[in-house]
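The values are calculated or read from the model by the stated rules, or taken from the named source; none is laboratory data. Just so you know, these numbers come straight off a predicted model, no measurement behind them. For neighbour counting, all protein chains shown are included, and Cβ atoms are generated from backbone atoms with ideal geometry for every residue, glycine included.
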Amino acid sequence: MTTDSDAPDAVLDLVVIGAGPVGLACAIEARQAGLRARVIDKGALVNSIVGYPARMEFFSTPDLIEIGGHPFPVQGYKPTREEGIEYYRGVAAREQVDLRLYERVVAIHGARGDFRVETSRGLHRTRHVVVATGFFDVPNRLGVPGEDLPQVTHYYREPYPYVQQRVAVIGGRNSAAKAALDCYRHGAQVTMIVRGPALSETVKYWIRPDLENRIKEGSIRAYFDATVTEIRERSILVQTPDGPLDLPNDWVLAMTGYQPDFAFLATLGLTFADDGFKTPIFDETTFESERPGLFLAGTVCGGMRTNRWFIENGRFHAQQIVKHLAGQRTETIPFASIHWKTEE
Ligand SMILES: Cc1cc2nc3c(=O)[nH]c(=O)nc-3n(C[C@H](O)[C@H](O)[C@H](O)COP(=O)(O)OP(=O)(O)OC[C@H]3O[C@@H](n4cnc5c(N)ncnc54)[C@H](O)[C@@H]3O)c2cc1C
């Protein structure tokens with residue numbers, strides 16, 4: 001389909017960087033307000049969710065992660081990853097969101113009213129830009145020798161590559177807990193390396209007893225107050241309270257969380273608070289950054305605090321930004337949620 005905005009020199013009202021749930025919500029709000037919006041993503045539609053573990057269940061009930069006023073019907077109580085992807089795909093199609101996928105944004109030139117968004121495929125002219133780039137592309141690195149060996153990953157997809165393999169799961173939060181249980185239940189020999197004295201308090205109440213019991217009965221081995229100091233081809237070196245250990249091992253799942261791509265954000269002219277979390281600076285009611293005309297939305301707003309904003313509350317950023325562009329009054333959105341806490 002050809003639209004006005006396909007003309008090479010057409011000026012859009014809004015370019016949204018990132019086709020995650022929040023980026024899509026921004027484009028839909030804009031369209032519903034009569035603005036011309038385009039969403040550009042360096043990967044697939046809802047690329048972060050595509051990268052989540054297969055059959056993962058969201059913690060949120062579907063009503064809390066709906067966008068654009070479209071109901072989200074699911075089979076069970078909580079949506080799965082696959083249902084989520086299919087829902088957002090369907091909503092994007094129904095709303096005719098102008099999408100450019102597998103096109104990476106590399107720079108933003110110009111100023112409010114006349115931005116030129118430079119991508120791997122060309123330039124897009126727009127009056128405003130929303131940065132909704134999330135946090136899932138840059139893993140928190142362990143910073144130890146061997147981290148770049150091919151048997152190490154920061155992204156857990158499914159247990160099948162690890163059948164009858166020795167798997168070290170690094171981390172003590174939800175992602176680590178779920179990966180450890182999943183691998184154990186599919187025939188892997190699992191060892192957890194946890195930096196703290198116990199599993200994180202944020203591990204979901206329905207996961208914790210299962211994992212604690214597997215550790216107690218010895219089905220999953222766990223070292224607490226322990227850190228990996230080196231990864232070798234067939235073993236890992238671990239510093240424990242009882243001294244260093246050299247544990248024979250095949251695969252490493254480093255479930256140590258992720259952070260926004262701060263280098264990219266800095267090149268866009270965004271500024272950050274000196275608060276220990278590199279929180280981007282923006283107006284809390286309009287979500288406009290210190291670069292006029294450039295807005296932030298979704299998880300990226302929290303800086304290192306990637307659990308501050310998620311789909312449940314981040315989707316409301318879209319309404320605030322569009323209200324502001326339409327000259328309407330905006331308000332602050334609370335970032336705490338009783339429904340969903342930290343995942344990693
Ligand atoms: C396992 C797991 C379970 C979760 N469960 C829930 C839940 O139940 N409820 C909930 O509310 N939240 C949940 N979350 C958090 C939620 O998924 C994120 O908060 C959400 O994806 C954030 O949406 P977003 O649109 O801000 O960013 P993202 O979904 O991360 O989207 C950002 C997009 O920006 C793109 N991008 C980045 N850089 C560029 C660039 N330079 N050029 C072009 N595109 C770029 C990326 O490819 C990506 O598609 C979960 C997270 C995880 C990891």
Evaluation of VAL16 against (1) within 11 Å of the ligand (Cβ to nearest atom); (2) part of a loop (DSSP other than H, G, I, E, B) (one fails), failing number = (2)
Please state which of the following conditions ALA30 fails to meet, knowing it meets all the rest: (1) touching a residue at least 60 places away in the same chain (Cβ under 8 Å); (2) farther than 14 Å from VAL117 by Cβ; (3) not in a helix (DSSP H, G or I).
-> (3)
Selected residue (only one of TYR160, TYR156 is surrounded by fewer than 19 Cβ atoms within 10 Å (Cβ to Cβ) and closer than 20 Å to ARG81 by Cβ) = TYR160
Can you name the condition, by its number, that VAL91 falls short on among (1) under 30 Å from GLU158 (Cα atoms); (2) in a strand (DSSP E or B)?
-> (2)
Consider TYR223 carefully, then state whether it is within 29 Å of the chain's Cα centre (by Cα) and under 30 Å from THR133 (Cα atoms).
-> no
What single numbered condition from (1) over 30 Å from LEU199 (Cα atoms); (2) part of a loop (DSSP other than H, G, I, E, B); (3) at pLDDT 95 or above fails to hold for MET304?
-> (1)
GLN239 vs (1) more than 13 Å from the ligand (Cβ to nearest atom); (2) at pLDDT 95 or above; (3) of a type in the set (S, T, N, Q); (4) assigned to a loop (DSSP other than H, G, I, E, B): all pass except (4)
Return a yes/no flag: does region 268-289 have any residue that is in a helix (DSSP H, G or I), within 24 Å of the chain's Cα centre (by Cα), surrounded by fewer than 16 Cβ atoms within 10 Å (Cβ to Cβ) and in contact (Cβ under 8 Å) with a residue 60 or more places away in the chain.
-> no
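Considering only residues that are in a loop (DSSP other than H, G, I, E, B) and within 22 Å of the chain's Cα centre (by Cα), which ones fall in region 160-183?
Our first condition is that a residue be in a loop (DSSP other than H, G, I, E, B); within region 160-183, this holds for 163-165, 171-173.
GLY171, GLY172, ARG173, listed by residue number.
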Residue count for region 94-120, restricted to those that are hydrophobic (A, V, I, L, M, F, W, C) and not in a strand (DSSP E or B) | 2
For PHE115, state whether it is among the hydrophobic types (A, V, I, L, M, F, W, C), touching a strand residue (DSSP E or B) at 6+ places or on another chain (Cβ under 8 Å) and within 10 Å of the ligand (Cβ to nearest atom).
-> no
Within region 118-164, can you find the residues that are closer than 19 Å to SER289 by Cβ, within 16 Å of the ligand (Cβ to nearest atom) and of a type outside the set (A, V, I, L, M)?
-> GLU118, HIS124, THR126, THR133, GLY134, PHE135
Taking PHE295 as the residue in question, decide whether it is among the aromatic types (Phe, Trp, Tyr), assigned by TED's automatic domain parsing to the domain that holds ALA30, out of contact with any Phe, Trp or Tyr (no Cβ under 6 Å at 6 or more places or on another chain) and within 14 Å of the ligand (Cβ to nearest atom).
-> no
Of (1) without any contact (Cβ under 8 Å) to a residue 40 or more places away in the chain; (2) within 13 Å of the ligand (Cβ to nearest atom), LEU99 satisfies all except one. Which?
-> (1)
Determine, yes or no, whether SER175 is closer than 30 Å to ARG291 by Cβ and polar (S, T, N, Q).
-> no
Does ARG55 fit the bill of being under 16 Å from LYS178 (Cβ atoms), surrounded by 18 or more Cβ atoms within 10 Å (Cβ to Cβ) and either near the ligand (Cβ under 10 Å from one of its atoms) or not polar (S, T, N, Q) (or both)?
-> no
Based on what the data block shows, is GLY113 on the phi > 0 side of the Ramachandran plot, out of contact with any Phe, Trp or Tyr (no Cβ under 6 Å at 6 or more places or on another chain), touching a residue at least 12 places away in the same chain (Cβ under 8 Å) and exposed (fewer than 13 other Cβ atoms within 10 Å of the Cβ)?
-> yes
Of the numbered conditions (1) within 8 Å of the ligand (Cβ to nearest atom); (2) crowded, with 23+ Cβ neighbours inside 10 Å, SER60 satisfies every one except a single condition; which is it?
-> (2)
